[in-house]
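Asks: Got a structure for you, written out below as structure tokens; questions coming shortly.
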Amino acid sequence: MAYHLTRQEADRLIRLPKRIDEPIRWTSMPGGTDRDTLSARVVCRDIDEPMDLRGVVGRTNWSFLLLTHARIPIRKLTVHGPGHRNPDGTDAGTHHKHIWDEVHEDQETYYPVDIDFSDVNVALIGFLAECNIIPEQPPERLIVRRRLR
Amino acid sequence: MNHRSCRSLQHMLGEQLQSQFPVIHAFDQFMVITPMLYPDNTRIDIGIAMRDKHRVMLTDNGEAWGYAFAHGVDEPVIRERIELTRARFRLADIDGGDLILDVPTNQAAEGLFKLATAVQDVAYLVYGVRLSQTSKTFERTVN
């Protein structure tokens, strides 16, 4: 596989102190679809290539991801109605966090106890903290007029 | 295998397949949870609504678009793929990123598979973007 990254390396990248020097802003998708997205460059003194924070709040589901420069999702917090099945067959439920490993890639999940799922804005701040990302400014607050899971 | 055991097998498979497609009522629409998967093992769900007595509308609620974007695919690339997927699967040509299929009620099950396959067609962009980024990094390292 061309994008080989071990779990150990992914976890190391998560632990490294990182920062976002640009405003974290939400963008509404044009075309009448209830969808908001964010994308911000994540920099780290210890690695050459920048990483990417991405977020999508869809009609009912939402997720935040930290991607390496090679677009490997080393952490992903997601709420998805249909739920998720881990590679070993266990049911991960609708609210879960994906980890990266070299065998199952981003298919393995667990239920995070450190995330407040009741508010998507609070969850984003929790996700940034877990990924050791310090934003220069607090993320723009997303006002969600629809009901999310 | 005789005719009777063939019917019995068909019945058993029918029951098992039925259990793989739970339907829930959520957010003002019926959602069919399919056993088909996104690359990260998340099940693909399809919204379904009766348009009239003879036709149903199936939609991915824009989830394929959102999945690709969240995994680092840039918007122009997603837009291009969405257009291609719509043409390839004969989906509705609409604004925005939703994948929508309008079918006669007696073709709803076939439409469900077709739309879930269309969702995968868009979501699999994530593999391409990972490979292309890795290749760029490799080129820079070598040069």
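Just so it is clear, none of the values below were taken in a lab; they were calculated from the coordinates. All values derive from a computational prediction rather than experimental measurement. Because the Cβ atoms are built from the backbone with ideal geometry, glycine has one as well, and the counts that use them run over all protein chains shown.
Asks: What is the diffusion coefficient of region A:4-149 in µm²/s, taking the Kirkwood radius over Cα pairs and the Stokes-Einstein relation at 37 °C with a viscosity of 0.692 mPa s?
Replies: 209 µm²/s
Asks: Using the number of other C-beta atoms within 10 angstrom as an exposure proxy, rank B:HIS3, A:HIS96, A:HIS4, A:HIS69 with the fewest first.
Replies: Taking fewest neighbouring Cβ atoms as first place, the list is B:HIS3, A:HIS4, A:HIS69, A:HIS96.
Asks: Which of the helices in chain B, when you take each full DSSP H run, stretch at least 24 Å along the axis at their Cα atoms and have an average Kyte-Doolittle score of -1.0 or higher?
Replies: B:3-19, B:125-142
Asks: Want the number for A:ILE47 to A:ASP119: 0.36 nm per residue separation, take away the alpha-carbon distance, what's left?
Replies: 22.7 nm
Asks: Per DSSP helix of 4 or more residues, -39500 (n - 2.57); summed, then divided by the residues of chain A. What does that give at 222 nm, rounded to the nearest 500?
Replies: The per-residue figure over chain A is -4000 deg cm²/dmol.
Asks: Separate question: For chain B, modelled as a GNM with alpha-carbon contacts under 10 angstrom, which of B:THR105, B:THR59, B:THR42 fluctuates the most?
Replies: Among B:THR105, B:THR59, B:THR42, the largest mean-square fluctuation in the Gaussian network model of chain B belongs to B:THR42.
Asks: Now, a different point. Report the charge-dipole magnitude of chain B in Debye, nearest 20, computed about the Cα centre from +1 at each Lys and Arg Cβ and -1 at each Asp and Glu Cβ.
Replies: 560 debye
Asks: Any aspartates and glutamates with Cα under 17 Å of the B:LYS114 Cα? List them, leaving off those in the same chain fewer than 8 positions away.
Replies: B:ASP45, B:ASP60, B:GLU63, B:GLU83, B:ASP93, B:ASP98, B:ASP102
Asks: Fewest first, what order do B:ILE100, A:ILE74 take by the number of other Cβ atoms within 10 Å?
Replies: B:ILE100, A:ILE74
Asks: Please give the contour-minus-distance gain from B:ASN2 to B:ASP74: 0.36 nm per residue of separation, less the Cα-Cα distance, rounded to one decimal in nm.
Replies: 20.5 nm
Asks: How much net charge surrounds A:LEU5 when only the other residues with a Cβ under 12 Å from the Cβ of A:LEU5 are counted, with Lys and Arg +1 and Asp and Glu -1?
Replies: With Lys, Arg at +1 and Asp, Glu at -1, the net is -2.
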